[in-house]
Ligand SMILES: Nc1nc2c(ncn2[C@@H]2O[C@H](COP(=O)(O)OP(=O)(O)O)[C@@H](O)[C@H]2O)c(=O)[nH]1
Ligand SMILES: [Mg+2]
């Protein structure tokens with residue numbers, strides 16, 4: 001009995017179990033998400049303090065930087081503090097505690113979210129009011145004309161639905177948009193049809209989608225027809241033909257188009273969730289069309305749709321869209337594939353299964369819409385000054 005007491009006395013303060021079996025964690029590290037610039041601490045607790053501690057970042061020994069990392073050991077508790085988190089602090093961190101009887105490890109992921117990289121307007125009313133009051137800077141122009149262009153199923157018709165829903169006060173879900181299941185093969189739109197937005201002086205044309213694979217190569221509106229549409233040679237309701245372009249000899253060809261017949265802004269529509277799968281054929285056709293628009297001085301912007309399908313953060317809360325790394329990456333990818341600067345790319349989410357009006361969704365669409373309205377207006381303004389010089 002006396003021996004046992006002596007033994008207990010000698011090893012007082014030490015955890016016998018840990019000595020025999022090696023250390024174990026009582027609390028493990030937890031994953032943390034932090035905004036850029038914030039401090040973050042990972043901590044855990046073992047069943048003994050008699051250990052040496054090693055921290056690793058992404059499988060390599062952590063190089064502690066002064067003022068950046070602080071490693072602490074306080075009895076059985078261990079922590080790693082990272083100050084002023086930056087993108088390159090995002091990693092999996094592992095702690096290993098070790099003594100002569102063995103070792104134990106646990107890991108956690110630190111995710112560093114981007115700060116807001118663009119501002120999402122919070123209120124729709126000021127934008128709606130400004131657009132309702134909007135006056136075109138060229139008295140010869142009755143309405144600003146936008147051409148929506150992009151692959152089948154990109155969400156071109158849905159953009160029109162979304163804007164109509166905002167300005168006409170009720171939902172236009174699926175009255176123009178195709179069902180998701182039917183968008184893989186054919187396009188819904190073949191006519192050069194004009195869509196108005198309430199009684200505003202803005203109209204959209206939604207041209208038949210592009211198809212890229214070998215068999216369907218001929219599908220979609222011909223590039224020469226789209227260029228003729230830019231220039232104002234194509235009349236409303238003209239039914240595009242895949243085999244024959246609209247030519248001067250055609251009875252409906254507008255020979256001397258006025259500014260009112262022309263397209264004032266090209267909107268390329270790209271589905272965020274299909275961007276990486278888009279064929280080089282389709283992308284080339286889109287780039288060619290953009291190059292033609294550039295020659296004619298037509299402003300061009302990109303609406304990147306279906307953003308809710310590529311980012312869970314955005315899907316759950318659209319207000320976080322401009323903090324999303326995934327959306328940012330898609331914008332960069334889109335910029336590289338189309339050769340457009342990132343600030344010309346606007347992510348949008350369309351109404352597709354929502355029943356009620358949604359202010360965040362509207363704000364995102366209105367910001368993008370406002371941008372194309374101002375770009376188109378600049379184009380017609382420039383046109384009117386060119387006309388004056390000619391006269
Ligand atoms: N989840 C989601 N679905 C969308 C969005 N925009 C369009 N869609 C759906 O995508 C499909 C194709 O859209 P549609 O407007 O017909 O494409 P279009 O061929 O370019 O006119 C339809 O089922 C739409 O409901 C969006 O922002 N999010
Ligand atoms: Mg359509």
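The values are calculated or read from the model by the stated rules, or taken from the named source; none is laboratory data. All values derive from a computational prediction rather than experimental measurement. Note that each Cβ is placed from the backbone with ideal geometry, even for glycine, and that neighbours are counted across all protein chains shown.
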Next on the checklist: Could you check segment 301-359 and list, in sequence order, the residues that are assigned to a helix (DSSP H, G or I), closer than 20 Å to residue 148 by Cα and within 12 Å of ligand 1 (Cβ to nearest atom)?
Outcome noted: 307
Item to check | Any hit, segment 66-78, residues being without any contact (Cβ under 8 Å) to a residue 40 or more places away in the chain, under 19 Å from residue 101 (Cβ atoms) and outside any loop (DSSP other than H, G, I, E, B) | outcome: yes
Item to check | Single match in 76, 32, 86 (criterion: at pLDDT below 95 and surrounded by 17 or more Cβ atoms within 10 Å (Cβ to Cβ)) | outcome: 32
Item to check | Residue list for segment 223-242, restricted to those being touching a helix residue (DSSP H, G or I) at 6+ places or on another chain (Cβ under 9 Å), more than 16 Å from ligand 2 (Cβ to nearest atom) and either assigned to a loop (DSSP other than H, G, I, E, B) or modelled with pLDDT under 85 (or both) | outcome: 232, 233, 234, 235, 238, 241
Next on the checklist: Considering only residues that are farther than 20 Å from residue 343 by Cα and without any contact (Cβ under 8 Å) to a residue 24 or more places away in the chain, which ones fall in segment 285-315?
Outcome noted: 295, 312, 313, 315
Item to check | Lone qualifier among 165, 196, 158 - being within 10 Å of ligand 1 (Cβ to nearest atom) and either at pLDDT 90 or above or under 15 Å from residue 271 (Cα atoms) (or both) | outcome: 158
